[in-house]
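> Dropping the structure in here first, questions after.
The values are calculated or read from the model by the stated rules, or taken from the named source; none is laboratory data. Since we're looking at a predicted model, the values are computed, not measured. Here the Cβ positions follow ideal geometry from the backbone for every residue, glycine too, while neighbour counts run over all protein chains shown.
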Amino acid sequence: MMGAPDSDIEAYDSEQPQHELTLSQGFYLGKFAVTRGQFAEFVKESGHKAANDWQNPEIAQSNDHPVVNVSR
């Protein structure tokens, strides 16, 4: 099931309605969060163009913190 049940009074509208989901393709799932330093190395090596401003979040970060402001 995906989404919040109707009984969840704190759920956002975007989290409802609750519904069944079928995954039609395989996917990868990491065991640990990707750090800012790991993501920076990935960008450097691959030339990936991240859409959001992950390098300058509105919070202080070191390379050991999880990367933020990225969606894929």
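> It is to be established whether one or more residues within region 23-39 are in contact with a strand residue (DSSP E or B) (Cβ under 8 Å, 6 or more places away or on another chain) and either of a type in the set (A, V, I, L, M, F, W, C) or assigned to a loop (DSSP other than H, G, I, E, B) (or both).
Yes: region 23-39 contains one or more residues that are in contact with a strand residue (DSSP E or B) (Cβ under 8 Å, 6 or more places away or on another chain) and either of a type in the set (A, V, I, L, M, F, W, C) or assigned to a loop (DSSP other than H, G, I, E, B) (or both).
> If you scan region 25-72, which residues turn out to be among the small types (Gly, Ala, Ser), surrounded by 14 or more Cβ atoms within 10 Å (Cβ to Cβ) and over 13 Å from the mean Cα position of the chain (by Cα)?
37, 40
> Does region 1-21 hold any residues that are surrounded by fewer than 12 Cβ atoms within 10 Å (Cβ to Cβ), of a type outside the set (A, V, I, L, M) and in contact with a strand residue (DSSP E or B) (Cβ under 7 Å, 6 or more places away or on another chain), and which are they?
Hit for region 1-21 is 19, nothing else.
> May I ask you to list pairs of residues, at least six apart or on different chains, whose Cβ atoms are under 8 Å apart, with the first in region 22-33 being at pLDDT 90 or above and the second being assigned to a loop (DSSP other than H, G, I, E, B)?
From region 22-33, the pairs are 33/67.
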